[in-house]
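A short worksheet on the structure shown next.
The values are calculated or read from the model by the stated rules, or taken from the named source; none is laboratory data. Model, not experiment: these values are computed from the prediction. All Cβ positions, glycine included, derive from the backbone under ideal geometry; neighbour counts span all protein chains shown.
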Amino acid sequence: MTKKFTKTVSAMAIVFATMISSNVIVSAAEVSNAGSDTVKVIVDGNVQYFNANKGSTVGDLLASNNIVVTDSTDVSVDLNNSIAESKEIVVAQPKTVIVSVDGGKAQSSTTSASNLGAFLAEYQKENTTEKYTLASQTASTPLSEGMYIQLSTIREVSVDTYEAIPYETKEVKTDSLYVGEKKVVTAGVDGVKTTTTTTKYVGDQVTSTDSVTKVTKEPVTEVINVGTKAKPAPVVKPAATTTTNTIPGLSVKYKKAMTLNATAYCPCSKCCGSYSNGYTASGMKAGYGVAAVDTRVIPLGTKLYVEGYGYCIAADTGGAIKGNRIDLCYGTHSAALSSGFGHKNVKVYIIG
């Protein structure tokens, strides 16, 4: 947009205005004179040739030929440029057109655009909240006063849909678990696949629909440890015999009788190691009449009668005394060695 310039319209202006509005084209030869330049002037698409002194300006030429330039007029060159630098001048006078968007209410608009394409660009620049296109007219159509212009908005609507991606499961063998045991070390998490569907509208008409699918969240594989270690043999309690009979050779009744493998020990360091403090696991003083047992078989505090040993109390335990074992305590190490209980199967009676 160049600087604008206004002159009073004279009778000559009427002549030229009539010639321009009638699309009259005058040849350069008809208007050329010695010592002057011929300048091509296009006013709203109408071509004219004018003679002008070489030292005059564009503004002088337009004013002298009564071509009115206002603040709304578009001139392709600066009005202060010399004629020698401006062999072609394009002048676009403002026009009032009627504009309707998406078939809505028609509104008037003033523009200096020469065609519909230029008007659309101008309208888009002034209305940035939406994108616009010509509804049916072509961009190259010249603009005329009072023209009815139909525009359509261009918009895109995107909708996301989501789909789960199932996680995979991986089993890892380990000897830290028994056979048949499993442990989840990494929990599985489903991934997410997102499909974005974009629909393009011109006005209220759908012109295209595109879908793009991508993985927006990767699944996490579930990791499970599976045991390979063999399970220990279960402890089998000896079958207890419930009887109301008395111990053979004694008039003492017993509740149960069982056969256990007997050994002998004393409270010395050779037999008890670091536990040789003279006291049993139950706090009872170690000595003759104390038996070490597996508490899963015989509870501590149980009164016993051991064949070949006599009466005793289950008052101690031992690291090697597991299952159907019993360790019989003696007062001295030599007594334990000479007891004869060196892994000997004996009858044990529970009497209380």
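Residue 248 fulfils the conditions (1) exposed (fewer than 12 other Cβ atoms within 10 Å of the Cβ); (2) within 30 Å of residue 311 (Cβ to Cβ); (3) in contact (Cβ under 8 Å) with a residue 40 or more places away in the chain except for a single criterion, (3). I'd like the full set of residues that are among the charged types (D, E, K, R) and either within 30 Å of residue 208 (Cβ to Cβ) or surrounded by 12 or more Cβ atoms within 10 Å (Cβ to Cβ) (or both), limited to region 134-166. The answer is 155, 156, 160, 163. Checked against (1) farther than 30 Å from residue 188 by Cβ; (2) touching a residue at least 12 places away in the same chain (Cβ under 8 Å); (3) not hydroxyl-bearing (Ser, Thr, Tyr), residue 107 passes all but a single condition, namely (2). Checking every residue in region 100-117 against the condition of being basic (Lys, Arg) and modelled with pLDDT under 90 gives zero matches.
Does region 323-338 contain any residue that is hydrophobic (A, V, I, L, M, F, W, C) and part of a loop (DSSP other than H, G, I, E, B)? There is no residue in region 323-338 that is hydrophobic (A, V, I, L, M, F, W, C) and part of a loop (DSSP other than H, G, I, E, B).
In region 119-139, is there at least one residue being closer than 22 Å to residue 46 by Cβ, part of a loop (DSSP other than H, G, I, E, B) and in contact (Cβ under 8 Å) with a residue 40 or more places away in the chain? For region 119-139, residues closer than 22 Å to residue 46 by Cβ, part of a loop (DSSP other than H, G, I, E, B) and in contact (Cβ under 8 Å) with a residue 40 or more places away in the chain: absent.
Answer yes if at least one residue in region 209-216 is of a type in the set (Asp, Glu), closer than 30 Å to residue 175 by Cβ and modelled with pLDDT of 90 or more, and no otherwise. Looking through region 209-216, none of the residues is of a type in the set (Asp, Glu), closer than 30 Å to residue 175 by Cβ and modelled with pLDDT of 90 or more. The residue of region 34-63 that is surrounded by the fewest Cβ atoms within 10 Å (Cβ to Cβ), among those that are out of contact with any Ser or Thr (no Cβ under 8 Å at 6 or more places or on another chain) and either among the polar types (S, T, N, Q) or over 28 Å from residue 144 (Cα atoms) (or both), is 34. Residues that are in a strand (DSSP E or B), touching a Gly at 6+ places or on another chain (Cβ under 8 Å) and not hydroxyl-bearing (Ser, Thr, Tyr) within region 96-114 comprise 97, 98, listed in sequence order. State whether the residues of region 268-285 include one that is of a type outside the set (A, V, I, L, M, F, W, C), in a strand (DSSP E or B) and crowded, with 20+ Cβ neighbours inside 10 Å. No: zero hits. Scanning region 167-199 for residues that are touching a residue at least 40 places away in the same chain (Cβ under 8 Å), in a strand (DSSP E or B) and under 19 Å from residue 215 (Cα atoms) gives a single hit, 198. The residues on offer are 15, 31, 9, and the sole one that is modelled with pLDDT under 50 and surrounded by 15 or more Cβ atoms within 10 Å (Cβ to Cβ) is 31.
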